[in-house]
Structures are given as C-alpha cells and as structure tokens.
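All remarks here apply to the structure that follows.
The values are calculated or read from the model by the stated rules, or taken from the named source; none is laboratory data. Computed from a prediction, not measured in an experiment: that's the story for all the values here. FYI the Cβ positions are ideal-geometry reconstructions off the backbone, even for glycines, and counts take in every protein chain you see. The area values use the complete protein model at the heavy-atom level, side chains included, leaving out ligands, DNA and RNA. Shrake-Rupley method; radii C 1.70, N 1.55, O 1.52, S 1.80 Å.
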Amino acid sequence: GLRAPRRGSAALWAVLAARVVAAFEPVSVGIAIGAVSALTGYLSYTDWYCRFAECCHEERPLNASALKLDLEEKLFGQHLATEVILKALTGFRNNKNPKKPLTLSLHGWAGTGKNFVSQIVAENLHPKGLKSNFVHLFVSTLHFPHEQKIKLYQDQLQKWIRGNVSACGSSVFIFDEMDKLHPGIIDAIKPFLDYYEQVDGISYRKAIFIFLSNAGGDLITKTALDFWRAGRKREEIQLKDLEPVLSVGVFNNKHSGLWHSGLIDRNLIDYFIPFLPLEYRHVKMCVRAEMRARGAAVDEDVVTRVTEEMTFFPRDEKIYSDKGCKTVQSRLDFH
C-alpha cells in the first residue's frame, strides 16, 4: 500500500484523508484541513497537495536567469538559438495576455542540440521536464507512422491537445521529426496555433508548441560555411542572415513537413531558430560535458580521441562534424 514519508507524515495523511472525505462532507474537510494547518503552519491545501503531486503553475514567472545559465552551460556553439529562445520564452511568459500560443520551429542537422534544447526549455517551464504531465513529446515516425490512418491521427491529436490544454493552459507540445510529418497532421494542429480568443471554449494562448526538424540544415550549413570562408567568426552570424532564407526554404522544400504550410503562410510560427553545424571544438565541449555528467574526471586525451573518431565535412576543409554531438555518448562508452 501507500507509505507516507516520515517527516510530516501525520499532516500528509490528514490531507489525503481530507481528500477522501471531500466527496462526502465539506464541514469535516474544513476541520481536517484546519488540523493540517495547525500541524504544519501551512494554510493552503493546494500548497500541500502540490508538494506531493505535480500541479500546473500557469502564473509562475519564468526564471530567465536560470534558463540563460542552462543554455549557456549546456548548449555548445549555438549563440543564435540561445539568444532567440531566451528572448522568445521570457517575452512570452512575461506577457499576461498573449494573442496566440508561442510557436518555435527549430532547424538544423542531427546532433546540433534541437532535442536537447527542447528538454532544457521543458525543465525550465515545468520542473519535471519531459516527464511532466504538462509536457508532451510526439515523434512523427513513432506516433503517426501510417499514412492511411491520417484521419484517425488528426482526431486523436486534436482531442489530446484539447484535453491537455484544458487541464493546464501552459502545456508544452514538442513535435520531433517535423520533416517526416504528414501535412494533414500539421493541418490538425493549425487551429490551436492561430490568433483565436478561444477554440470551443478553451484558450490555447498560453500553450507552447515546439517543432524540431532537419529541414533547412543545408541552408544553415551553407551560410555558416560562407562566413567561415570569408574569414568571419560564426558568432557574427545573425538571425537576419538565416531566418528569411529558412522560412522560404522550408516552405518550398517538399520534404520539410512545412511544405506550402498554412503555418508559414499565416505567420503562425513566431521564430525559425537555426542550429549551426558543430565544429571540432564544440564536439570536444560535448565530450567534456558528457564525462562530467557521468561523474568522471575530464581526461583530455580521451576527449581528443573521441573527437578524432568523428567524421567532419566538407571533404576538403573538414570543419563541421557530420553527426554533431549525436554519437558522443556511445563513443565514450568504448574509452
């Protein structure tokens, strides 16, 4: 059966008892909660409940400095993504009355940090991160694999989003492998992303949608390479150098998942966020971070060996890791 933690267990059981009694008799509940307050000095039943079960804190302000620190310490070589995500999330969460949900579209080759960033964002919005009841991850090839079932997927997805946003207005929805997503699925999401006060009595304006896609990776790499060849630092690349190219390129790319999409047409995507290809030095940073995460001392010889095993492109210059940091974990297992 259930075992209560020792500390404050009497108070916890009083709350649980109060919840059971709630179905029968409000007066007893008042007495039970009064007893809890007397025992603990905590007056709010909600506070107590939220210590033991996850609650949706829609009004809780975003800790911008914690998010900034997380992005700077954990995400390597992505000055643009760090800057844009910080600005977008802080602005959105500080706005008491947003006109639409926040919609971010993350683009770049595999291993550049798109999944990682969505995890950092989720953890900063809901402490349990990807394990939170209010954060939902969809992988197109896993959740929507059969083209002939699109109608069913559309209905299920709409019900799922509706149910979750009515339970928690600040729900986060992450769609991975957008480039493999059937356009019909994107059409199903569209009404939730638009500038509506409400859809069927529910407001979606405080929700956050994040799309992850490899589409546009070639355009991003080309821009990064042009800068490199012109002897300019990658940190000089600005959003304006990439965002227009990216939205047009993704819109016109038949394999992007956003091909001729109404999301782009109607400006429903707030930010196209480019993830630049990672250089040798960034892969080294990833290896060091992985070592630290495993509680191991950083051994520079191993760092170099693991990084040397990666393959780099273009063929002549060998500047960018073709898998980003994706295989760092598995390669480190061999050292």
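Listing for the model above:
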read-out	value
Candidates D316, D299, filtered to the one that is charged (D, E, K, R) and open to solvent by less than 80 Å² (accessible area, probe 1.4 Å)	D299
Residue check, G216 buried (at least 23 other Cβ atoms within 10 Å of the Cβ), more than 18 Å from the chain's Cα centre (by Cα) and on the phi > 0 side of the Ramachandran plot	yes
Cross-chain or 6+ apart pairs with Cβ under 9 Å, segment 312-328 first and without any contact (Cβ under 8 Å) to a residue 12 or more places away in the chain and outside any loop (DSSP other than H, G, I, E, B), then among the small types (G, A, S) and buried (at least 19 other Cβ atoms within 10 Å of the Cβ)	F313/S321
Filtered residues of segment 148-168 (kept if in contact with a Gly (Cβ under 8 Å, 6 or more places away or on another chain) and hydrophobic (A, V, I, L, M, F, W, C))	I150
Checklist (1) in contact (Cβ under 8 Å) with a residue 24 or more places away in the chain; (2) open to solvent by 30 Å² or more (accessible area, probe 1.4 Å) applied to S140, failing item	(2)
Members of segment 245-278 that are surrounded by fewer than 19 Cβ atoms within 10 Å (Cβ to Cβ) and at pLDDT 95 or above	none
Selection from segment 98-129 of residues that are open to solvent by 10 Å² or more (accessible area, probe 1.4 Å), part of a helix (DSSP H, G or I) and of a type outside the set (S, T, N, Q)	K114, F116, E123
Pairs with Cβ under 8 Å, 6+ apart, first in segment 78-97 and part of a helix (DSSP H, G or I) and open to solvent by 50 Å² or more (accessible area, probe 1.4 Å), second of a type outside the set (A, V, I, L, M, F, W, C) and modelled with pLDDT under 95	N94/P61
